[in-house]
Structures are given as structure tokens and as C-alpha cells.
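Engineer: Before we start, here is the structure in question, set down as C-alpha cells.
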Protein chains: 4
Amino acid sequence: MQKTRLEAFSDGVLAIIITIMVLELKIPHGSTLDALLPLLPNFISYVLSFIYIGIYWNNHHHMLHTVKQVSGGILWANLHLLFWLSLVPFVTGWMGENHFESLPVALYGFMLLMAAIAYYILKEQILIKHGKDSILAKAMGTDFKGKISPIIYCIAIAASFVNTLIAGLLYALVAMMWLIPDKRIERVLESD
Amino acid sequence: MQKTRLEAFSDGVLAIIITIMVLELKIPHGSTLDALLPLLPNFISYVLSFIYIGIYWNNHHHMLHTVKQVSGGILWANLHLLFWLSLVPFVTGWMGENHFESLPVALYGFMLLMAAIAYYILKEQILIKHGKDSILAKAMGTDFKGKISPIIYCIAIAASFVNTLIAGLLYALVAMMWLIPDKRIERVLESD
Amino acid sequence: MQKTRLEAFSDGVLAIIITIMVLELKIPHGSTLDALLPLLPNFISYVLSFIYIGIYWNNHHHMLHTVKQVSGGILWANLHLLFWLSLVPFVTGWMGENHFESLPVALYGFMLLMAAIAYYILKEQILIKHGKDSILAKAMGTDFKGKISPIIYCIAIAASFVNTLIAGLLYALVAMMWLIPDKRIERVLESD
Amino acid sequence: MQKTRLEAFSDGVLAIIITIMVLELKIPHGSTLDALLPLLPNFISYVLSFIYIGIYWNNHHHMLHTVKQVSGGILWANLHLLFWLSLVPFVTGWMGENHFESLPVALYGFMLLMAAIAYYILKEQILIKHGKDSILAKAMGTDFKGKISPIIYCIAIAASFVNTLIAGLLYALVAMMWLIPDKRIERVLESD
């Protein structure tokens with residue numbers, strides 16, 4: 001029961017984030033191609049953020065699938081994750097509006113980094129509640145992707161002050177890496 | 001379980017899209033009929049988009065009714081569909097704001113086309129997971145409406161550069177066609 | 001199942017309408033009372049609309065409680081109701097922004113009238129599906145409130161061109177009338 | 001059933017409030033640190049409000065866990081609570097935009113005070129329906145936090161006209177106090 005409501009609330013917040021981002025795609029004055037084209041950076045950052053929120057929803061979905069009991073720690077770790085993700089429309093809009101300038105690109109990476117850390121904390125809170133022999137613990141294994149992502153974000157943040165294209169490509173790289181669904185949890189769940 | 005959360009997330013996103021569109025209906029300055037009337041094109045495009053999102057919600061609802069297992073492919077095909085639909089408030093606002101000029105009307109059709117393709121991909125992903133003897137496969141049959149819609153969208157996109165009224169009427173025609181509920185799935189479900 | 005998703009979608013749309021209305025309460029420039037006070041009409045129309053959406057959610061909740069099967073007619077009658085309610089943030093903002101001028105007040109009443117008619121159509125669709133001996137049919141009885149409300153809205157729309165205060169009081173009167181919960185359905189349900 | 005829909009609607013509204021607040025964080029023109037830094041007060045008030053909505057969601061979740069039957073009184077007391085919370089994006093934006101000037105800080109406290117009173121009324125409505133021997137009644141006990149919070153809000157509102165920093169610290173203090181999860185209800189539920 002309690003878990004259902006946690007999932008419903010998280011789904012709600014993620015669904016709203018992914019949808020209201022479009023409100024930062026300001027409708028251009030004029031109906032010509034010249035009026036539309038300057039929105040291309042906004043659109044690219046929109047696509048990137050849409051994919052990231054989709055990935056978080058997907059992984060969140062898989063991870064909570066293994067949860068049996070919700071503790072206060074899990075509740076607040078979950079809200080902490082949603083906090084950083086709630087800033088996605090802002091950093092996405094700022095990055096797109098400024099055509100991928102250094103500081104907005106770095107701030108976008110900082111948000112991704114904080115969300116990754118928040119996701120890690122949430123995982124730890126679930127493991128504390130469910131033990132080292134739980135499905136999640138077994139499924140996680142070494143959790144390579146969870147450990148490498150924050151490192152890449154840090155490199156990308158540094159890179160954004162040198163060459164923002166490199167930073168952008170690194171963000172896209174991490175997204176690609178996560179788009180491959182987390183077979184680990186699915187495999188352990190099925191063999192259970 | 002997994003399916004429930006997929007439905008809940010999709011319902012959430014569709015509910016938000018259909019509702020935040022109203023925020024693109026900018027409140028006019030002044031309280032006279034002269035201040036309100038210029039919003040008529042915005043209102044007409046609002047009504048059209050409301051009907052389209054309603055149709056997608058309705059059909060999505062019917063199609064997912066037949067799903068028994070959710071694969072990674074279904075998850076991402078679903079997000080891909082939601083991506084194109086998430087652009088509805090933007091293309092609706094742009095089309096209305098510019099009083100149905102050629103390019104905005106064509107872009108509106110392009111969004112409809114991409115959403116139709118995404119819907120087709122989602123259907124294929126469900127069929128892959130559930131087999132050719134599944135309820136959905138039987139219900140779909142030749143899927144006339146699913147095949148004719150993208151063709152009409154393409155004609156409408158081309159027409160929008162000649163006469164936007166023709167394009168608009170074609171969009172309305174497809175909407176009318178889909179408003180007729182998908183009796184096929186209901187019939188097969190009942191006879192099951 | 002099908003009914004659950006209809007309720008969830010309607011709840012989602014109503015929850016979003018009731019919440020995004022606040023975005024039409026534009027934050028004033030300046031931090032003095034002089035900056036805040038001009039928002040009083042906006043706030044009053046906000047309160048009125050909040051109560052109306054609350055009433056619709058409450059009654060919708062009671063009415064759908066009696067539904068056993070969802071037909072295509074019920075689905076579309078429900079979307080039709082949500083369409084008129086989705087315009088609430090717009091008419092609320094316009095009425096508040098223009099300090100209750102005649103035309104915005106009349107348009108607000110028109111939206112209420114159309115929503116009332118849509119609610120009536122939805123009720124009819126449910127009755128068609130469930131029969132004259134259904135719980136809803138028994139509970140409705142003469143449906144005095146459902147019949148008197150549209151009449152009062154019509155009077156209020158006419159009144160708004162003479163004296164907007166009278167129109168406003170009539171809207172408030174109908175809201176008061178509906179705030180009294182619909183004991184009829186509860187009574188019949190309990191005696192069942 | 002009825003309770004499920006009340007929870008779903010409340011979760012929806014709270015999820016939307018917590019997420020659309022970000023739309024009041026207006027994207028700065030310019031991509032420099034000088035453009036971003038003036039948003040610091042907006043960000044701080046955003047964080048404070050995010051925590052408050054999180055607390056309300058969490059406590060609401062615990063309190064409704066004990067509800068067995070939903071009365072009309074509970075429904076309307078719940079909507080009354082959601083009304084005051086729905087103003088959070090407005091008061092948060094106004095307070096941040098004006099860099100914590102006296103009147104916006106006082107209005108923020110007034111909203112918190114009204115929400116606290118609304119929460120108290122909701123609790124009373126649940127107790128009326130479920131009796132003095134119910135789980136909630138036992139769990140609440142003296143309800144120290146529920147009684148002290150409104151008093152601190154009143155002091156903070158008064159303080160905001162003398163020194164807004166004191167008011168801000170008092171708001172943060174109450175948030176801290178509530179962040180500690182309500183062990184009382186959990187304890188009684190477990191011993192049941």
C-alpha cells in the first residue's frame with residue numbers, strides 16, 4: 001500500500017517534469033523558418049532531458065519493483081532525488097536559451113551529478129531496509145553504470161568550460177549507456 | 001503490476017498535455033469582444049488538439065488492455081510516442097498564434113505523422129512480445145485506419161503549402177475517423 | 001479495470017486544472033500592499049473556480065462510483081466534460097484580470113453552463129448503459145439541482161451585462177447549493 | 001475504494017504543486033554567473049517550499065493510512081487543505097522575487113498558518129468519523145508538533161516586519177521539526 005503511493009507520487013512528479021518542459025519551448029513570433037530555427041538548441045536540450053527523465057522513470061520503476069517495505073529514509077531519499085530532477089525544466093531551458101554556453105552546460109551537468117548521487121543514496125536506503133541478500137542487492141552486483149556515470153558527469157562539467165560540445169557528447173554518452181535496460185534486475189527477478 | 005505503472009505514467013503525461021495546452025491560450029488584455037475574437041484561431045487549434053489527445057488516450061487505453069507483459073521495447077516505444085505527443089502544446093500554440101500560416105500547419109501535421117509512426121512502432125513491440133495469435137493481433141486485422149492516417153497526414157503536410165484550409169480539413173477528417181471507437185478490439189475481447 | 005483508468009485520467013485532469021490556475025495569479029512587481037491589492041479580484045475568481053472544480057471532482061467521484069461498465073459513449077461524454085472544465089484557468093484568469101467586467105463574467109457563466117450540460121450528457125450516457133433500475137437512476141430521482149443550475153447560469157449570463165455583482169452572487173449561490181454533498185446517492189448506496 | 005481516489009487526487013495535486021513551482025524560477029537572460037546569482041533568493045525559497053510540500057505529502061500519507069471511511073466532511077477538509085497549499089507556488093515566487101522583503105515573508109507565513117489550521121481541521125474530521133479509540137486518536141496523543149507549529153508561524157509573521165531573517169529561520173525550524181518522521185502513528189500501527 002505505502003509503496004503504491006510512493007510510486008504513484010514519483011510517477012506523478014516525473015510525468016509532470018517531462019511534460020511541463022515544453023512550456024520552456026517558447027512559441028516563436030512569426031511563422032517562418034527563420035523564426036523557428038533559433039529554437040533548435042532548445043529542442044536539442046529538450047530531447048536530451050526527455051530521454052534522461054525517461055531513463056530515471058524506467059530505472060526508478062525497476063528499482064522500486066524490488067522494494068517490499070518503505071522506511072522514512074526511503075521516502076526522503078526519494079524526495080531528494082525528485083528535488084534535483086524537478087530542476088530539469090530550469091536547467092534545460094537555460095542551456096537551450098543560451099545556445100549551449102559554458103556555464104549553463106556546466107549547471108546542467110551539476111544537476112545530473114546531484115541526481116545521480118541522490119539515486120545512489122536512494123539505492124543505499126533500500127538496501128539498508130532490505131538487507132544484503134535482497135533481490136536488489138543481488139541484482140546490483142558491482143553496479144558499474146551507477147559508479148561510472150558521476151565520474152563522466154564530473155569530466156563533462158570540467159569540459160564545459162573548455163569545449164561545450166565535448167560536454168554535450170558526454171551527457172549523450174551516459175544517456176546511451178543507460179538506455180540499454182537494466183537486464184540485471186530483470187534476470188534476478190525471473191530466476192527467483 | 002509493471003503494466004499498471006506504465007498505464008499510470010502514460011495517463012499522467014496525457015492528462016498533463018491535454019490540460020497545460022490551456023496555458024498557451026494567453027489571456028487577452030482588455031475585456032471587449034475585440035480583445036477576445038483574435039483568439040479564435042488559438043481556440044480552434046486547441047479544440048483540435050484536445051480531440052487528438054483524447055483519441056490517443058482512448059486508443060492507447062484499448063491497446064494496452066491487451067498487454068500481458070511489458071518488455072523494455074514496449075516501455076521505450078511508449079516513451080517515444082509520449083515524446084511526440086508532448087510537443088502538442090507547442091505546435092498547437094504556434095499554429096493558433098499565427099492564424100494557420102503554412103509552416104505552423106505543416107509542422108502540426110509533421111507532429112501528427114511522427115506520433116502515428118510512434119503508435120505503429122508501439123503496436124509492433126506489443127505484437128512481438130505477445131505473438132501473432134494474441135488478442136491484439138486478432139483485433140487489429142488489416143488495421144486500415146492505422147495505415148491510411150499517415151498517408152493523409154503526408155498529403156495534408158504537402159497541402160499546407162498550397163492551401164492551409166485543405167490541410168486543416170484533412171486533420172479534422174482523420175480525427176473524425178478515429179472518433180469512431182475501435183470496435184474491433186472490444187468485439188474480440190468480448191468473444192474471448 | 002477500464003473504469004479505474006477513466007477515474008484516474010479524470011482525477012489527473014481535474015487535479016492539474018485546480019493546480020495550474022495558480023499560474024494565472026501573476027506574481028506582482030514590488031513587495032508592498034499596493035502591489036498585492038490589485039490581485040484581489042484575481043484571488044476571488046481563483047477561490048470561486050477552486051470551489052467549482054472541487055464540486056465537480058466530488059460529484060464526478062460519486063457518480064462514477066455507481067458505474068459498472070464503461071461504454072464508448074461514457075468515455076467521450078467524460079472527455080467532453082473535461083474539455084469545458086479545462087477552460088476554467090482561462091476564463092478565471094480573464095475574469096480576474098479584468099476586475100469582473102461584463103463580458104468575462106458572462107463567458108465564465110457560459111463555461112459553467114456548458115460544463116453543466118456536459119455533466120448532464122455524461123449522466124445520461126451512464127443511465128443508458130446501466131438502465132432505469134440502476135443505483136444511479138434511483139439515486140438521481142428528480143435531480144432538482146441538476147435541472148435548476150443551468151437555468152441560474154442563464155440568468156447570471158444575462159445579468160452580467162446589467163450588473164456583474166448579481167451574476168457573481170448567482171455563481172456563488174449555485175456553488176453553495178452543490179457544496180451540500182449529494183446525500184441521495186450515498187443514501188441509496190447504503191440501503192442497497 | 002473511495003479512500004484510494006481521495007489519496008490519488010491529493011497525491012496528484014501535491015505532485016503538481018511541487019513540480020510547477022519551478023516555472024516561477026524564471027530563466028535568466030544571459031549565461032553568466034552575474035545573470036544566475038540574483039536567482040539565489042528564488043532558489044532558497046524554492047528549496048524551503050519543496051521541503052514543506054514534501055512534509056505535507058509525507059504526513060498526509062501517514063494520516064490517511066489510518067482512515068477507513070471517507071465522509072463528506074473529510075473530503076471538503078482535504079480540499080480546504082489543498083487550497084492553501086495550492087497557493088505555495090505564488091507565495092514562494094513572490095518571496096523569492098522580492099529577496100525576502102517583509103510583506104512577502106509575512107504572507108508566506110500566513111499561507112503556512114492557514115495550511116496548518118486546515119491540516120488540524122482535516123485531522124478533527126477524521127477523528128469525528130473514526131472515534132476516540134481509533135488508531136489515529138491513539139497515535140496523535142497530545143500532538144505537540146501540531147499545536148506548536150501555528151504558534152511559531154504567528155511569531156514568525158510578526159517577526160517578518162522586524163527582521164525577516166528571524167522569520168525565515170523560524171520557518172526552517174518548523175520544517176526541521178517535521179522532517180523527523182511521525183513515529184507515533186507508525187508505532188501504534190505496528191503494535192496493533
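Engineer: Can you pull out the residues in segment A:76-86 that are surrounded by fewer than 22 Cβ atoms within 10 Å (Cβ to Cβ) and among the hydrophobic types (A, V, I, L, M, F, W, C)? Steps first, answer last, please.
Structural biologist: Residues of segment A:76-86 that are surrounded by fewer than 22 Cβ atoms within 10 Å (Cβ to Cβ), as a first pass: A:76-77, A:80, A:83-84.
Once the filter is applied, which keeps residues that are surrounded by fewer than 22 Cβ atoms within 10 Å (Cβ to Cβ) and among the hydrophobic types (A, V, I, L, M, F, W, C), segment A:76-86 yields A:Trp76, A:Ala77, A:Phe83, A:Trp84.
Engineer: Follow-up question, since we're still on this one. For D:Ile27, state whether it is touching a residue at least 60 places away in the same chain (Cβ under 8 Å) and closer than 20 Å to A:Leu23 by Cα. Lay out the reasoning, then the answer.
Structural biologist: Details: touching a residue at least 60 places away in the same chain (Cβ under 8 Å): no; closer than 20 Å to A:Leu23 by Cα: yes.
Taking the combined requirement at face value, the residue does not satisfy it.
Engineer: For segment C:40-56, does any single residue satisfy the condition of being of a type outside the set (A, V, I, L, M, F, W, C) and without any contact (Cβ under 8 Å) to a residue 40 or more places away in the chain? Lay out the reasoning, then the answer.
Structural biologist: Going through segment C:40-56, the residues of a type outside the set (A, V, I, L, M, F, W, C) turn out to be C:41-42, C:45-46, C:49, C:52, C:54, C:56.
Next cut, without any contact (Cβ under 8 Å) to a residue 40 or more places away in the chain only: C:54.
Looking for residues that are of a type outside the set (A, V, I, L, M, F, W, C) and without any contact (Cβ under 8 Å) to a residue 40 or more places away in the chain, one finds at least one in segment C:40-56, hence yes.
Engineer: So which residues in segment D:16-48 are of a type in the set (Ser, Thr, Tyr) and farther than 23 Å from C:Leu14 by Cβ, if there are any at all? Quick ask: steps written out before the conclusion?
Structural biologist: Restricting attention to segment D:16-48, the residues satisfying the condition of being of a type in the set (Ser, Thr, Tyr) are D:19, D:31-32, D:45-46.
Scanning segment D:16-48 gives D:Ser31, D:Thr32, D:Ser45, D:Tyr46.
Engineer: Sticking with this structure for a sec: I'm trying to understand the selection: among the residues of segment D:5-23, which are more than 9 Å from chain A (Cβ to nearest Cβ) and either buried (at least 23 other Cβ atoms within 10 Å of the Cβ) or among the hydroxyl-bearing types (Ser, Thr, Tyr) (or both)? I'd like the intermediate steps shown before the answer.
Structural biologist: If we filter segment D:5-23 for residues that are more than 9 Å from chain A (Cβ to nearest Cβ), which is where we start, we get D:5-6, D:9-10, D:13, D:17.
Result: D:Phe9, D:Ser10, D:Val13, D:Ile17.
Engineer: Can we say B:Ala77 is over 14 Å from the mean Cα position of the chain (by Cα) and within 19 Å of B:Asp11 (Cα to Cα)?
Structural biologist: yes
Engineer: Within the set of pairs 6+ apart or on separate chains, which have a first residue in segment B:102-129 that is free of Cβ contacts under 8 Å to residues at least 40 places away in the same chain, a second that is among the acidic types (Asp, Glu) and in a helix (DSSP H, G or I), and C-beta atoms under 9 Å apart?
Structural biologist: B:Pro104/B:Glu97
Engineer: If A:Asn58 meets every condition in (1) touching a helix residue (DSSP H, G or I) at 6+ places or on another chain (Cβ under 7 Å); (2) more than 14 Å from chain D (Cβ to nearest Cβ); (3) farther than 30 Å from D:Thr4 by Cα apart from one, which number is that one?
Structural biologist: The number of the failed condition is (3).
Let's see how each residue does on (1) surrounded by fewer than 21 Cβ atoms within 10 Å (Cβ to Cβ); (2) aliphatic (A, V, I, L, M); (3) out of contact with any Phe, Trp or Tyr (no Cβ under 6 Å at 6 or more places or on another chain); (4) closer than 21 Å to C:Leu14 by Cα:
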residue: D:Pro89; (1), (2), (3), (4): no, no, yes, yes
residue: D:Met95; (1), (2), (3), (4): no, yes, no, no
residue: D:His99; (1), (2), (3), (4): yes, no, yes, no
residue: D:Leu112; (1), (2), (3), (4): no, yes, no, no
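Engineer: Sticking with this structure for a sec: Among the listed residues A:Leu103, A:Leu75, identify the single one that is modelled with pLDDT of 95 or more and facing another protein chain (nearest Cβ under 9 Å).
Structural biologist: On the way: A:Leu75 fails: modelled with pLDDT of 95 or more.
Result of the check over A:Leu103, A:Leu75: A:Leu103.
Engineer: What number of residues in segment C:1-42 are within 30 Å of C:Leu64 (Cβ to Cβ) and touching a His at 6+ places or on another chain (Cβ under 9 Å)? Outline the logic, then answer.
Structural biologist: Taking segment C:1-42 and keeping what is within 30 Å of C:Leu64 (Cβ to Cβ), we get C:1-24.
With the extra rule that they be touching a His at 6+ places or on another chain (Cβ under 9 Å), the set shrinks to C:1-2, C:5-7, C:9-11, C:14.
Total meeting the criteria: 9.
Engineer: Considering only residues that are within 9 Å of chain A (Cβ to nearest Cβ) and surrounded by 20 or more Cβ atoms within 10 Å (Cβ to Cβ), look in segment D:32-50 and name the one that is farthest from the chain's Cα centre (by Cα).
Structural biologist: D:Tyr46
Engineer: Hey, can you tell me all the residues within segment A:48-70 that are touching a His at 6+ places or on another chain (Cβ under 8 Å) and either on the phi > 0 side of the Ramachandran plot or among the hydrophobic types (A, V, I, L, M, F, W, C) (or both)? Write out each step before concluding.
Structural biologist: Restricting attention to segment A:48-70, the residues satisfying the condition of being touching a His at 6+ places or on another chain (Cβ under 8 Å) are A:66-69.
Scanning segment A:48-70 gives a single hit, A:Val67.
The values are calculated or read from the model by the stated rules, or taken from the named source; none is laboratory data. Nothing here was measured: the structure is a model prediction, and the numbers come from that model. Using ideal geometry, Cβ is built from the backbone for each residue, glycine included, and neighbour counts are taken over all protein chains shown.
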